[in-house]
Structure formats: structure tokens, C-alpha cells
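Trainee: Sharing a structure here in C-alpha cells format.
No value in this document is a laboratory result; all are computed from the given coordinates. Please read all numbers here as calculations on a predicted model, not as lab measurements. Neighbour counts are summed over all protein chains in view; Cβ atoms, including those assigned to glycine, are modelled from backbone coordinates with ideal geometry.
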Amino acid sequence: MHRIFFFLFLLSFTLACEKASNQTTDVSGQMITKEVKAYLADSNTDTLEVATFSGGHFYGLEAIFEQLKGTEIVLCGYTGGQVEGPGFESVISGNSKHRMAVQVYYNPQKISYQMLLAVFFAAHDPTKKEQQGIEKGPQFSPAVYTHNEEQKKLAEEELAKQKKKSKYEDKKLFTEIEPYNNFWVAEEVHQDFAHNNIQDDYVQTVLKPYIRSVEGKYGAWMLKGKAIFPIKENAPANNN
């Protein structure tokens, strides 16, 4: 009997150690997996801060954020949910309770968190609870996941600002502000999808007009060298 208890203890201890070895802390002090760490390996994270958003399919949000001046790394992944380490098929089904999200590592000397928030609200429809464009389901619900109290304060201010806009008059906004808890990197095939699949029907018919719509407001913040589609010369600046 004692041997059985010892074996169970040893097994649980080993699993705990394996889980711990699979994690480290990111630039905000939050726990991240070794998969995230691998993507950050070639960047000087001492100069970066991190932001996390969900709102629609992560292909679109990734394509927007990775073009901005001051963003260094944008990862597609999953947050929330009932189990650790979900896969694309379980998340896209809407049954796992996870949300498709992006994690943005940015240089605060080049772009502010306030600007990221402004772009995020331009990149999703806050009046939709479980739908963004043609994408429907709880996995597409919009949220800002705050990594610290300052981000929470700024996110709440931005949401209040959005509620005052005339286009949202008499409408309920469903974008949530939640404390950051977890993030799992999506499979490699889902990273930089638009860049790697420029002729794909989804990229051309869904992502291209989507990117153009955000570019119309924040094109001045999108670097031509990082553009998936050629950025229009007359794209206006928007600092609001």
C-alpha cells in the first residue's frame, strides 16, 4: 500500500515539474509556455511590453497588429477555456470555451498601449457578442486582457470613450475587460497566415477588405515594409 502511495506521489511530482519546466515568465511577469519563449528568443524583450486581445478570427487581428509601427512580435493563440494546451480544431468548434486571441509584444517608446487599444476597437465590432464579420461563435467574442493595473485603467477609459461615440448611441457594447490569465500559442501553420498565404481565398476576400477598413483610420501607423497588401499613399493619420 505504501508503495502505491509513493508511486502516486512521485508521478504527481514529476508531472508538476514537467509543467513548470514548460513555463517561464514574459516581459509582464506573467507565466508563458516554452512555445512562446521560442518566438521571443531573437528579440530584446527588455525593451518590450505585452498586450493581449481577442475579437474575431486571429488571422485578422494578427495581420493588423503586426503591421503597426512599434510592434515587434504578434502571436496567434488561444486564451481562456477549460483545458490547457488546446488545439485549433477544438477552439474553432466553439465547444472548448477558449477564445482565439493575439498576443502583441511592442516597444512602448514607439507605440503606446492607448494606440493599440484604439486600433483594436477599429479592428472589431464591439456591438457583437459572439460574432465578428462572417465569424460566429463564442470563440470570437471580443475582450481586452489586461496584464497590469495601468492597462486595466487605460482599457476602461478607452471603452468609456467608445461608448460616447455617436455610432454606438443606444447600443450595448460587449467588449470585455478581463485580467490576463493564460495564452497558448497556436500551431505553426496559423502564424503569419496572411503573409504566407497571400493568394488564399479567405485572405483575399475577407482579410484584405478588413485590413483596408482599419488602414483607412490608422494607415499612418502601418509600416509599408511590414504591409501584407500595398498601403495606400493617402492613408490618413489618426491619433484619437
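Trainee: Which order do K171, K128 fall in if you start with the one that has the fewest other Cβ atoms within 10 Å?
Mentor: Going from sparsest to densest Cβ surroundings: K171, K128.
Trainee: Please say if segment 171-212 is rounded, prolate or oblate, where rounded means a/c under 1.5 for a ≥ b ≥ c the square roots of the C-alpha gyration tensor eigenvalues, and otherwise the choice is prolate for a/b larger than b/c and oblate otherwise?
Mentor: Oblate is the answer for segment 171-212, as a/c is 1.5 or above yet b/c matches or exceeds a/b.
Trainee: Which of the lysines could a cross-linker bridge to K208, judged by Cα under 17 Å and excluding same-chain residues fewer than eight apart?
Mentor: Once the sequence-local lysines are set aside, what remains near K208 is K217, K224, K226, K232.
Trainee: If you don't mind, there's one more thing I want to ask. So for the pair R212, I198, with labels modelled 7 Å out along Cα→Cβ, what separation do we get in nm?
Mentor: Using points 7 Å along Cα→Cβ, the separation is 1.7 nm.
Trainee: Can you work out the PRE-style zone for T47? Point 7 Å along Cα to Cβ, and I want the residues of segment 68-94 with backbone N under 18 Å.
Mentor: 68-74
Trainee: Neighbouring Cβ atoms within 10 Å as the yardstick, rank H124, H195 fewest first.
Mentor: The most exposed by this proxy come first: H195, H124.
Trainee: What FRET efficiency would be calculated for the residue pair S166, V83, taking the C-beta separation as r and a Förster radius of 45 Å, to the nearest 0.05?
Mentor: For R0 = 45 Å, the calculated efficiency reads 0.60.
Trainee: A further question on this structure: With the Cα gyration tensor of segment 51-105 giving a ≥ b ≥ c as the square roots of its eigenvalues, does the rule (a/c under 1.5 for rounded; else a/b larger than b/c for prolate; else oblate) give rounded, prolate or oblate?
Mentor: prolate
Trainee: Another one. Listing V119, V83 from the residue with the fewest other Cβ atoms within 10 Å to the one with the most, what is the order?
Mentor: Fewest-to-most ranking of V119, V83: V83, V119.
Trainee: Where a Cα-Cα gap under 21 Å defines reach, which lysines qualify for K97, not counting those fewer than 8 residues away within the same chain?
Mentor: K128, K129, K136
Trainee: Oh, and also: To the nearest µm²/s, what D does Stokes-Einstein give for segment 24-226 at 37 °C and 0.692 mPa s, using the Kirkwood radius over alpha carbon pairs as Rh?
Mentor: Estimated via Stokes-Einstein, D reaches 193 µm²/s.
Trainee: Sort segment 105-178 into rounded, prolate or oblate with this rule: let a ≥ b ≥ c be the square roots of the eigenvalues of the Cα gyration tensor; rounded if a/c is under 1.5, and if a/c is not under 1.5, prolate when a/b is larger than b/c, oblate otherwise.
Mentor: Prolate, since a/c reaches 1.5 and a/b exceeds b/c.
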